[in-house]
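Input: a single structure, listed below in structure tokens.
The values are calculated or read from the model by the stated rules, or taken from the named source; none is laboratory data. It should be emphasised that the depicted structure is a prediction, and the values quoted were computed from it without experimental measurement. Backbone-built Cβ (ideal geometry, glycine too); neighbour counts: all protein chains shown.
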Amino acid sequence: LPFYAVGSKWEKPTVTYSFVSYTSQLQRGQQRVSIANALAKWSTQANINFREVSGSSADILISYGRGNHGDSYPFDREGGTLAHAFFPGSGDISGDTHFDDSERWTVGSSEGTNLEIVAAHEFGHALGLGHSNVPGALMAPYYSGYDPNYGLGNDDIQAIQSLYGVRTSS
Ligand SMILES: CC(C)C[C@H](CC(=O)NO)C(=O)N[C@H]1Cc2cn(c3ccccc23)CCCCCCNC1=O
Ligand SMILES: [Zn+2]
Ligand SMILES: [Zn+2]
């Protein structure tokens, strides 16, 4: 394993991310904004930073796929499982985040499946969090639909701060 990914969390202040592929259902700018907003939900609550880079050496590789897409966790058709992500400490695939392109990905709409909310959940895993059993928590295992005011529940905040500490005003 790379020295900085010791099983449960990233052992460095800044985690990089890049787009391996995009969905054709949204403009790339919309996707980059949704992803940046989803990451910011976590970085505003805990001592972790994110930086977008180009190329496949980033920590978190973001991609879309349908059905069998190159790992042991094939996606289903529309509905069902919406996305998945790999924990730190999973080797090269650590942090990688895959979205099922059979879903109808949307931004700012109660139609379809909201990309930002799903991404925020997945990045919780990419940072080392499992699922929460607290109803309404972002890390609950079920998508609870579009909420323009979605955010981290107290359970999510406690969990991320237990891994990375509270945000230091630096
Ligand atoms: C939390 C989310 C962002 C990521 C999770 C997966 C996950 O934990 N990724 O890290 C997810 O996709 N959960 C399913 C769980 C699920 C709900 N149902 C299913 C029917 C079949 C298979 C799975 C499901 C009932 C029908 C509704 C299907 C559409 C919504 N799907 C879900 O809520
Ligand atoms: Zn996958
Ligand atoms: Zn999950």
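Brief remarks follow.
- For first residues located in region 128-139 and without any contact (Cβ under 8 Å) to a residue 12 or more places away in the chain and within 15 Å of VAL118 (Cα to Cα), partners that are near ligand 1 (Cβ under 10 Å from one of its atoms) and part of a loop (DSSP other than H, G, I, E, B) and lie 6+ apart or on another chain with Cβ distances below 7 Å form the pairs HIS131/MET139; HIS131/ALA140; HIS131/PRO141.
- If the condition is being part of a loop (DSSP other than H, G, I, E, B), farther than 22 Å from GLN27 by Cα and either within 16 Å of ligand 1 (Cβ to nearest atom) or at pLDDT 95 or above (or both), then region 40-57 contributes THR44, GLN45, ASN47, ILE48.
- Leading residue by the ranking (surrounded by the fewest Cβ atoms within 10 Å (Cβ to Cβ)) among those in region 78-103 that are at pLDDT below 95 and more than 16 Å from ligand 3 (Cβ to nearest atom): GLY91
- Residues (surrounded by fewer than 20 Cβ atoms within 10 Å (Cβ to Cβ) and either touching a Ser or Thr at 6+ places or on another chain (Cβ under 9 Å) or closer than 30 Å to GLN158 by Cβ (or both)) located in region 29-45: ARG32, VAL33, ALA36, ASN37, ALA40, SER43, THR44, GLN45
- Matching residues, region 83-104, being within 12 Å of ligand 2 (Cβ to nearest atom) and in a loop (DSSP other than H, G, I, E, B): PHE86, SER90, ASP96, ASP101
- Qualifying residues in region 113-136 (those that are over 25 Å from GLU11 (Cα atoms) and aliphatic (A, V, I, L, M)) - the one surrounded by the most Cβ atoms within 10 Å (Cβ to Cβ): LEU115
- Residues of region 22-39 that are in contact with a helix residue (DSSP H, G or I) (Cβ under 8 Å, 6 or more places away or on another chain) and part of a loop (DSSP other than H, G, I, E, B): TYR22, THR23, LEU26.
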